[in-house]
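Enquirer: First the structure, then my questions, so here it is.
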Amino acid sequence: MTQPVSPPRDSITDKVPQDRPSAWRGLLARTDVRTLSLLGVLAALILIGGITKPDEFLDTRNLQLVLTQASVIGVVTVGMTFVIVSGGIDLSVGAIVALASVWATTVATQEYGFAGILFTAVVVGVGCGLVNGVLIAYGAMVPFIATLAMLASARGLALQITDGKTQIVTVPSVLDLGERDAYVLGIPPLVLVFAVVTVIGWLVLNRTTFGRRTVAVGGNPEAARLAGIDVRRQRLYLYLLSGLCCGIAAFLLIVLSGSGQNTNGNLYELDAIAAAIIGGTLLTGGRGTITGSVLGVLIFTTITNIFALNNLQSDVQQIAKGAIIVAAVLVQRRTASTT
Amino acid sequence: MTEITSRRGLLFGAAAVSAGALLTGCTSNEPSDSKDEPAGNNQPAADDKPGKQVTIGFAGPQADHGWLNAINDNAEKRAEKYSDVTLEITEGSNDTAQQIGQIETLINKKVDVLVVLPADGKALTQVGLKAMRAGIPVVNLDRIFNTPQAYRCWIGGDNYGMGLNAGHYIGEKLKGKSDARVIELAGLDNLELTKQRTQGFDDALKNYPNIKKVARQAAEFTVESGQAKMAQLLQAQSKFDALWNHDDDQGVGALRAIEQAGRDDFLMVGGAGALSAFQAIKQDDGVLKATVLYPPTMAASAIDLARALGQGKGIGGLAEFEIPASITLYSAVVDKTNVDQYMPTGFR
């Protein structure tokens, strides 16, 4: 792997931006190699889906379905990407989604209607993120431990609130948002929220001081501190952000499933981390893209969809999923090193 | 600078406190017309006449979903009905070591009879044996121990029978329909009980040559997974005649997906017997036409059996002097014709 000389690489790195078109090409080639390979994986999946089940897979309704199923975990993954880019980890996302979704669907909350449910879901998410952030940034706790503790407590509290019962949502305006009638130009509202969160996440990470600070903290916290960045406050904000995303995701899940349950968000932490890693985010921090993470989520959701359409069972699905994670990462590394 | 941050901090603090105050008011889950009539206590017990005082120890797993919650409710409410029964109930736990500890505590307290719903039947066999050796008869509830030596009586549901009855119900409904297509939304595939349910369902369908099972997907007994898997199944099968869903909890999600897809061209049968399913069957305005029971009332019956054991009696209505060694409950099909009778046993 290390030996082969790769002329393309030299030609690209040497021929840096002299004139505009090649600068663009250089930018595309360098920053988006990973993204391109992800798009390749996605295209291959679409091809497989299209060949095996042309009628069911290549269908507007199926596109709507895949994007809708991706939206909840997608929003969580955007938040997770920020945290991982900063060198942290948030194991509590699934538990926070569960807690926010049950807190927002209790009989008492439902009396406040749409606004009450939305408000509660978001505030519970942000509140949990705040606790995580304070413990990590100012309590000097390792993110892994602090968020593991939050995972346990939030799941426990969710169970205590529901008593193990399924809380069915009876507020019509919330339920209607998940119906076909609510689609805007054929786009489900859930997908719109996912898209907006993605765009905002991309802008914040790539076009703001906040984003640059996040990358700096993840790349080298000491250097970031010496450069005058308040590392602790930055970390606090990042876990708040992840909590906020969980709150939004919890609301989307309530709309989608029409209920709140303490088992919600099961293993979201692993799905979100896996999507981010596949998307090229470094687990050690300092590098990562929102585009990559979102593509990672879409790849996972598409795989699930193709398997279900072909009536493959859970055992096969799980085996193949593991294989595809490894394959995707290997393909990516190869494309990245040969370019 | 500090002034600004502190004012901002103050504002944020105030907002956080008021949000917190508002939120804590929102954890209440008591409906205003709460009428929590427990399941399965309308039937008179076999022998209601007070007898010898019996202390029953009850150990179950953590009630993290509706059915297990109903198990605890049923046991407690049934014990309350008897003036001669004292119930020692442990805090439910899914941790094997913890549950063993709890049962050992009950053994040391010298309860007269033990009722155990193990978190994991195989893993708790040893402690069942220990109780039996200590002279405390054990009523093993639902999840079975490894050896019959570890219990005096086993009572539980019939997963194979659930599938069988669901299959027969669907088979009869689709009788005469040529090339009928059926799909199955299974529960968690890691569990043996899911395999048994599917096996029963497949065996029943073999009696109906006009029916073909065209698809099966496994959800995870949760609303979220039920919605997700059902949405995929609906996309995969543009036309089918009947659906069997293993579990009413995930069925809430499945029904949501069906509604979102705007489909109503098939009949659906559920499983377990949740209140929401009974209500939908009674209203009869959707696809859900029936559900196959896995009755949580078995916990009430286990208390009856434990009481009979403690008092050295048999079961009323049977000729024997002793209670049976094993009781497999029937998975009745509840549809519109008999739903009223079962309504009080529905769990949330």
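Enquirer: Of all the Cα-Cα pairs you can form in the stretch B:147-202, what percent are over 19 Å apart?
Expert: Numbers: 672 of 1540 pairs.
It works out to 44 percent of all Cα pairs.
Enquirer: Right, here's the next one. Between A:Leu203 and A:Gln160, what FRET efficiency comes out of the Förster formula 1/(1 + (r/R0)^6) with R0 = 41 Å and r the beta carbon distance, rounded to 0.05? Each step should come with its number before you reach the end.
Expert: Details: r = 39 Å, r/R0 = 0.94.
After rounding, the FRET efficiency stands at 0.60.
Enquirer: Taking the Cα centre of the stretch B:159-293 as origin and charging only Cβ (+1 Lys, Arg; -1 Asp, Glu), how large is the dipole, in debye to the nearest 20? Please report the intermediate quantities before stating the final value.
Expert: Details: 16 positive and 18 negative charges, 93 e Å.
Around 440 debye, computed over the stretch B:159-293.
Enquirer: Could you list which residues have their amide H under 5 Å from that of B:Val115, counting only those 5 or more apart in sequence or on another chain, with H placed in the peptide plane?
Expert: B:Gly57, B:Phe58, B:Ala59, B:Val139
Enquirer: Another question, then. Which parts of the stretch B:170-184 would a label at A:Gln313 reach, counting a residue when its backbone N lies under 18 Å from a point 7 Å out along Cα-to-Cβ?
Expert: B:182-184
Enquirer: Once you've got the GNM for chain B with C-alpha springs shorter than 10 Å, pick whichever of B:Pro61, B:Pro148, B:Pro295 has the biggest mean-square fluctuation.
Expert: Per the Cα network of chain B with a 10 Å cutoff, B:Pro148 tops the list.
Enquirer: If you wrap the stretch A:81-125's Cα atoms in a convex hull and average its projection over all directions, what's the area in nm²?
Expert: Values: hull surface 13.3 nm².
The directionally averaged projection comes out at 3.3 nm².
Enquirer: Okay, moving on. Given the peptides B:267-275, B:77-85, A:319-327, arrange them by the average over their residues of other C-beta atoms within 10 Å, most packed first.
Expert: On the way: B:267-275: 26.0, B:77-85: 17.8, A:319-327: 13.0.
Packing proxy ranking, top to bottom: B:267-275, B:77-85, A:319-327.
Enquirer: May I ask you to order B:94-104, A:145-155 by the average number of other C-beta atoms within 10 Å around their residues, highest value first? Don't skip to the answer; put the middle values down first.
Expert: Values: B:94-104: 17.1, A:145-155: 19.9.
Packing proxy ranking, top to bottom: A:145-155, B:94-104.
Enquirer: Against the globular-protein guess of 2.2 N^0.38 Å, express the Cα radius of gyration of the stretch A:110-268 as a ratio, rounded to two decimals.
Expert: On the way: Rg = 18.0 Å, N = 159, 2.2 N^0.38 = 15.1 Å.
My calculation over the Cα atoms of the stretch A:110-268 gives 1.19.
Enquirer: Just to be sure I understand: of the beta bridges DSSP finds with both ends in the protein assembly as shown, what percent are antiparallel, rounded to 5? The partial results should precede the final answer.
Expert: On the way: 6 of 44 bridges.
DSSP beta bridges in the protein assembly as shown are roughly 15 percent antiparallel.
Enquirer: Over all directions, what mean area does the Cα convex hull of chain A project, stated in square nanometres?
Expert: On the way: hull surface 79.3 nm².
That works out to 19.8 nm², a quarter of the Cα hull's surface.
Enquirer: What FRET efficiency, computed as 1/(1 + (r/R0)^6) with R0 = 30 Å and r the Cβ-Cβ distance, is obtained for A:Thr284 and A:Ile145, rounded to the nearest 0.05?
Expert: On the way: r = 17 Å, r/R0 = 0.58.
That pair, A:Thr284 with A:Ile145, gives E of 0.95.
Enquirer: Given the DSSP H assignment, sum -39500 (n - 2.57) over each helix run of at least 4 residues in chain B and divide by its residue total; what's the result at 222 nm in deg cm²/dmol, nearest 500?
Expert: On the way: 11 runs with 145 residues, N = 348.
Taking each H run of at least 4 residues, the total per residue is -13000 deg cm²/dmol.
Enquirer: Dipole size in debye (nearest 20) for chain A around its Cα centre, Lys and Arg Cβ +1, Asp and Glu Cβ -1?
Expert: Numbers: 22 positive and 18 negative charges, 227 e Å.
Around 1080 debye, computed over chain A.
Enquirer: Sticking with this one: Obtain the nm distance between the two label points defined at B:Gln98 and B:Lys336 by a simple spin-label model: each point lies 7 Å from its Cα along the Cα-to-C-beta direction.
Expert: That separation, rounded to one decimal, is 4.6 nm.
Enquirer: Then there is this: If we sort B:177-190, A:116-129 on the protection proxy, mean other Cβ atoms within 10 Å, highest first, what's the order? Write down the numbers at each step before the final one.
Expert: Numbers: B:177-190: 19.1, A:116-129: 25.3.
Answer by packing, highest mean first, reads A:116-129, B:177-190.
Enquirer: Considering the options B:Gln232, B:Val339, A:Trp103, tell which one lies farthest towards the positive end of the dipole of the protein assembly as shown, charges being +1 on Lys and Arg and -1 on Asp and Glu at the Cβ, about the Cα centre.
Expert: Projecting each Cα onto the dipole axis, the largest value belongs to B:Gln232.
Enquirer: On each of the three principal axes of the Cα atoms of the stretch B:159-293, give max minus min coordinate, whole Å, ordered largest first.
Expert: Here the Cα extents, ordered largest to smallest, are 34, 32, 29 Å.
Enquirer: Hydropathy first: keep DSSP H helices in chain A averaging at least 1.6 on Kyte-Doolittle, then drop any whose Cα extent along the axis falls short of 18 Å, and list what survives.
Expert: On the way: long enough: A:33-52 (28 Å, 2.02); A:60-85 (34 Å, 1.42); A:113-137 (35 Å, 2.10); A:143-162 (28 Å, 1.29); A:189-207 (26 Å, 1.99); A:231-257 (39 Å, 1.38); A:290-309 (28 Å, 1.86); A:314-338 (36 Å, 0.51).
In chain A, the long hydrophobic H runs are A:33-52, A:113-137, A:189-207, A:290-309.
Enquirer: Relative contact order for chain B: what percent, with Cα pairs under 8 Å and sequence separation of 6 or more? Numbers along the way, then the final one.
Expert: On the way: 692 pairs, mean separation 64.8, N = 348.
It comes to 19 percent, rounded to a whole number.
Enquirer: Where does chain A land at 222 nm, in deg cm²/dmol rounded to the nearest 500, when only DSSP H runs of n ≥ 4 count, each adding -39500 (n - 2.57), divided by all residues?
Expert: On the way: 17 runs with 254 residues, N = 339.
Estimated from H runs of four or more residues: -24500 deg cm²/dmol.
Enquirer: Quick one: Cα centre-to-centre distance for the stretch B:244-302 and the stretch B:123-185, in angstrom?
Expert: 20 Å
Enquirer: Tell me the label-point distance for the pair A:Arg212, A:Arg233, using the 7 Å Cα-to-Cβ offset, in nm and rounded to one decimal.
Expert: Result for the modelled spin labels: 1.7 nm.
Enquirer: Express in whole angstrom the spacing between the alpha-carbon centres of the stretch A:248-296 and the stretch A:139-197.
Expert: First find each Cα centre; the distance between them is then 12 Å.
Enquirer: Determine by what factor the alpha-carbon radius of gyration of chain B differs from 2.2 N^0.38 Å, reporting the quotient. Present the calculation step by step, with values, prior to reporting the outcome.
Expert: Values: Rg = 23.5 Å, N = 348, 2.2 N^0.38 = 20.3 Å.
Ratio of Rg to 2.2 N^0.38 Å for chain B: 1.16.
Enquirer: In addition: Relative contact order for the stretch A:54-338 using alpha-carbon pairs under 8 Å, separation at least 6, rounded to a whole percent?
Expert: Working: 475 pairs, mean separation 100.7, N = 285.
Here the relative contact order equals 35 percent.
Enquirer: Can you give the average number of partner chain beta-carbon atoms within 10 Å of each beta-carbon in peptide A:222-234, as a whole number? Before the final figure, lay out the partial values.
Expert: Details: counts 0, 0, 0, 0, 0, 0, 0, 0, 0, 0, 0, 1, 0.
For this peptide, the per-residue mean of nearby foreign Cβ atoms is 0.
Enquirer: Multiply the residue gap between A:Leu47 and A:Leu270 by 0.36 nm, knock off their C-alpha separation, and tell me the result in nm, one decimal place.
Expert: Values: separation 223, 0.36 × 223 = 80.28 nm, distance 2.68 nm.
So the extension gain works out to 77.6 nm.
Enquirer: Right, something else. Which of B:Met298, B:Val182, B:Gly66 sits closest to the plus end of the dipole of chain B, meaning its Cα is farthest towards the positive end, when Lys and Arg get +1 and Asp and Glu get -1 on the C-beta?
Expert: B:Val182
Enquirer: Now a separate question. Projected onto the charge dipole of the protein assembly as shown (+1 at Lys/Arg Cβ, -1 at Asp/Glu Cβ, origin at the Cα centre), which of A:Leu309, B:Gln53, A:Ala276 gives the Cα projection farthest towards the positive end?
Expert: Result: A:Ala276.
Enquirer: Now a separate question. Give the lysines reachable from B:Lys130 as a straight Cα distance under 23 Å; neighbours fewer than 8 places away on the same chain don't count.
Expert: Answer for B:Lys130, where 23 Å is the Cα cut-off: B:Lys109, B:Lys110, B:Lys122, listed by chain and number.
Enquirer: Calculated FRET efficiency, B:Leu191 and A:Tyr138, Cβ-Cβ r, R0 35 Å, to nearest 0.05?
Expert: Working: r = 44 Å, r/R0 = 1.25.
Step by step, r from the Cβ atoms, then E = 0.20.
Enquirer: Now for a separate question. Let me spell out the model: positive unit charges on the Cβ of Lys and Arg, negative unit charges on the Cβ of Asp and Glu, origin at the Cα centre of the protein assembly as shown. What dipole size does that give, in debye rounded to 20? Could the numbers behind the result be given before it?
Expert: Details: 57 positive and 61 negative charges, 440 e Å.
Taking the Cα centre of the protein assembly as shown as origin, the dipole is about 2120 debye.
Enquirer: Which whole-number percent is the relative contact order of the stretch B:159-293 (Cα, under 8 Å, 6+ apart)?
Expert: Numbers: 282 pairs, mean separation 33.5, N = 135.
25 percent.
Enquirer: Going Cα to Cα from B:Lys77, which aspartates and glutamates come in below 15 Å? Please leave out same-chain ones fewer than 8 positions away.
Expert: Answer for B:Lys77, where 15 Å is the Cα cut-off: B:Asp36, B:Glu37, B:Asp48, B:Glu88, B:Asp304, listed by chain and number.
Enquirer: Name the lysines eligible as straight-distance cross-link partners of B:Lys206: C-alpha to C-alpha under 16 Å, and not fewer than 8 places from it in the same chain.
Expert: Result set, ordered by chain and number: B:Lys173, B:Lys175, B:Lys177.
Enquirer: Now for a separate question. Helix by helix, which DSSP H runs in chain B go 30 Å or more along their axis at the Cα atoms and have an average Kyte-Doolittle hydropathy of -1.0 or more?
Expert: On the way: long enough: B:2-24 (32 Å, 0.80).
Within chain B the helices that satisfy the rule are B:2-24.
Enquirer: Now a separate question. So how long is each side of the protein assembly as shown along the principal axes, counting just the alpha-carbon atoms, biggest first, in Å?
Expert: 99, 67, 53
Enquirer: Express in nm, to one decimal, how much length is gained between B:Gln279 and B:Ser83 on full extension, taking 0.36 nm for each residue of separation and deducting their alpha carbon distance. Provide the component values of the computation, followed by the final result.
Expert: On the way: separation 196, 0.36 × 196 = 70.56 nm, distance 3.37 nm.
Full-extension gain reported as 67.2 nm.
Enquirer: With a point put 7 Å past each Cα toward its Cβ, work out how far B:Asn210 is from B:Lys110 in nm, to one decimal.
Expert: For B:Asn210 paired with B:Lys110, the spin-label model returns 6.7 nm.
Values in this text are rule-based calculations from the coordinates and carry no lab data. For clarity, every value in this text was computed on a predicted model and none was experimentally measured. Don't worry about glycine lacking a Cβ; one is built from the backbone with ideal geometry, like all the others, and counts go over all protein chains shown.
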